[in-house]
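The structure under discussion appears below in the form of structure tokens.
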Amino acid sequence: MRPLLAFISGGLFGLGLMLADMTNTDKVQGWLDFLGEWDPTLAFVLGGAIIPMFFAWRIAERREKPAFGACFPPKPDPIIDTRLVLGSVLFGAGWALVGLCPGPAMASLGYGGTEGLVFFLSMVAGMVLAHAVMRTRPVAI
Amino acid sequence: MIDPDWIRGFAGGLVIGTAAALFLLMNGRIMGASGLLGGLVDGTGRHNADERIAFILGLIGMPALAMLVFGRPATNITSDWAIIVAGGLLVGFGTRMANGCTSGHGVCGISRLSVRGIVATLTYLGAGAVTMYVFRHILGVI
């Protein structure tokens, strides 16, 4: 049951990104271009996405466990460390350069052409590299 | 006054949020695109690889199917290979270092009023805005 629900959830996520035009890099780069021709669409997407999730967290609070799982994910300690901030800075820079973040990069693989595929493969390489670096230098970073 | 793109964006957002709510209430998982993919490619998510693969198959497959029905949406992605590779490396490395991206920290974190999610979102938005200003308005390369 869990893989089927994961497939449905992933599918809805992709269709939502497509409907919101978030696989269009112009829309995302336009949102980050605050001092140029600013495009506020992404704020409506984020706002719309937060609403069902806000209620989902409230429901989760009142339940012992998910329908097909052992427990709900524990809330992380509110620790703001170098990893969180530096990682987010690097992510934000890459996000602006191309206009794709991990969700839309995958959702658009079917129609993003060679450019989209190369972005995806570079992203995977970055993920593997991050894992190697974090493992060898867990304290320093 | 209201741009139709905003309504489309809001409707798409509701679908994205519904997907995340389903994943949380049914599977007990946070819908974070970078974590689901990252755990698969670096081996840390081997114990629930089937769930990750199923999610990603849906994420890639359903829009591809929708494309066959509704036509090919424009991605307008740059054709500058150096920018594409640099951007991909930064997005992959940064999201794994920060343990989340727009879906995990943004959608799931903010809706939970998670301090880490809110700080991460403000940080990547700020870094993205500065990068956009420098590379578009000063250097003129994106």
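The values are calculated or read from the model by the stated rules, or taken from the named source; none is laboratory data. Computed from a prediction, not measured in an experiment: that's the story for all the values here. Cβ placement follows ideal geometry from the backbone for every residue including glycine, while neighbour counts extend to all protein chains displayed. Accessible surface is based on the protein model in full, side chains and every heavy atom, while ligands, DNA and RNA are left aside. Shrake-Rupley method; radii C 1.70, N 1.55, O 1.52, S 1.80 Å.
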message: Scan the stretch B:46-54 and tell me whether some residue there is at pLDDT 95 or above, surrounded by fewer than 20 Cβ atoms within 10 Å (Cβ to Cβ), more than 19 Å from B:G117 (Cβ to Cβ) and facing chain A (nearest Cβ under 7 Å).
response: yes
message: Quick check on my filter: what residues within the stretch B:72-108 are among the small types (G, A, S) and either within 16 Å of the chain's Cα centre (by Cα) or modelled with pLDDT under 95 (or both)?
response: B:G87, B:G88, B:G92, B:G94, B:A98, B:G100, B:S103, B:G104, B:G106
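Specify which of the listed residues (A:F72, A:F54, A:F91) is open to solvent by 60 Å² or more (accessible area, probe 1.4 Å) and free of Cβ contacts under 8 Å to residues at least 24 places away in the same chain.
Answer to the check: A:F54.
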- request: Go through the stretch B:61-115 and count every residue that is basic (K, R) and either part of a helix (DSSP H, G or I) or surrounded by fewer than 21 Cβ atoms within 10 Å (Cβ to Cβ) (or both).
  value: 2
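Residue-wise test of (1) closer than 22 Å to B:V91 by Cβ; (2) at the interface with chain B (Cβ under 7 Å from one of its Cβ atoms).
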position	(1), (2)
A:R2	no, yes
A:T25	yes, yes
A:L35	no, yes
A:V45	yes, yes
A:G48	no, yes
A:R62	no, no
A:P66	no, yes
A:F91	yes, yes
A:L97	yes, yes
statement: Checked against (1) open to solvent by 10 Å² or more (accessible area, probe 1.4 Å); (2) within 20 Å of the chain's Cα centre (by Cα), A:S108 satisfies every condition except (1)
- request: Report yes if some residue within the stretch B:18-41 is modelled with pLDDT of 95 or more and surrounded by fewer than 17 Cβ atoms within 10 Å (Cβ to Cβ); otherwise report no.
  value: no
